[in-house]
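Peer 1: Quick one: this structure, given as structure tokens, is what I'll be asking you about.
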Amino acid sequence: MKFFEGAEVFPYSWLQIADIFWLRYPNPYSKHVRTEDVLYRKVENGVLHTKRLLTKTVRFTSFGYNISIKNEPIIEESFIDPKKQTIQTYTWNVGTSIAQIKEECFYRKKEENKTIIERKAWIERTKLYLPSIIESYMIRRFQKNVQKTCKGLEYVLANRFPSSTHVETKSSSFLDKDKIREKAKKAKEMATPKAVPIIVA
């Protein structure tokens, strides 16, 4: 098993992050996310508990393998607590032919207009040869994918709150704001979910 841990700071308030939480997809940096569907949603003691089914495209073309999965099922479980101003998510894939990947994210207020996302991930149970080497490679690739995830989140935030003024920091600036403005006209279209209906037995 390989482990990853990191944190990203966004120059947006927790309320702004919560406002776009369900609008994260689609975005230009997460084109591999194909569908989204809510399986369960309930308010429990003031906390919104949601379980969703996502499908993603997965490709693995290293170490002599050429694996492509068009609809890898992903379970995302989230807990949004408006009183404590926290969001906690647990994500894991099911039925994969490559490896079991589990991710935990914790969103919380860092300062008045800053939110930190603390992220942990585990990669284990690969079904391929040379498991230790492949798991090490996948954790490095996961780290690169986190950067794309952050760019996608900030893309949605910048388009949702175009008039907001934010201070750029090395730890939280993932995008060129000029490029964001150029794409602003397409923001509403990109922010509208276009999930394919999924029937759950």
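Peer 1: Tell me which residues come under 5 Å, amide H to amide H, from THR86 once H is placed; ignore anything under 5 positions away on its chain.
Peer 2: For THR86, the qualifying residues are ASP81.
Peer 1: Now for a separate question. Using a Förster radius of 22 Å, what is the FRET efficiency between ASP19 and PHE106 based on their Cβ-Cβ separation? Nearest 0.05, please. Numbers along the way, then the final one.
Peer 2: On the way: r = 18 Å, r/R0 = 0.82.
Once rounded, the FRET efficiency stands at 0.75.
Peer 1: Next question. In square angstrom, rounded to the nearest 10, how much accessible surface does LYS42 have for a 1.4 Å probe?
Peer 2: 110
Peer 1: How far, in nm, would the chain grow between VAL94 and THR61 when pulled straight, counting 0.36 nm per residue and subtracting the alpha carbon separation? Don't skip to the answer; put the middle values down first.
Peer 2: Values: separation 33, 0.36 × 33 = 11.88 nm, distance 2.00 nm.
Taking 0.36 nm per residue and subtracting the Cα distance, the gain is 9.9 nm.
Peer 1: Can you sort SER136, SER30 by solvent-accessible area, 1.4 Å probe, largest first?
Peer 2: These residues rank, largest area first, as SER136, SER30.
Peer 1: Let me ask something additional. Take the cross-link list LYS110/LYS148; LYS110/LYS151; LYS83/LYS144; LYS102/LYS151; LYS56/LYS84; LYS2/LYS151 and give me the ones stretching past 29 Å between alpha-carbons.
Peer 2: Details: LYS110/LYS148 22 Å; LYS110/LYS151 19 Å; LYS83/LYS144 33 Å; LYS102/LYS151 21 Å; LYS56/LYS84 31 Å; LYS2/LYS151 24 Å.
Cα-Cα > 29 Å for LYS83/LYS144; LYS56/LYS84; rest within.
The values are calculated or read from the model by the stated rules, or taken from the named source; none is laboratory data. Quantities reported herein were computed from a predicted structural model and do not represent experimental measurements. For neighbour counting, all protein chains shown are included, and Cβ atoms are generated from backbone atoms with ideal geometry for every residue, glycine included. Each accessible area value is taken on the protein alone, full model and side chains, heavy atoms only, with ligands, DNA and RNA left out. Shrake-Rupley method; radii C 1.70, N 1.55, O 1.52, S 1.80 Å.
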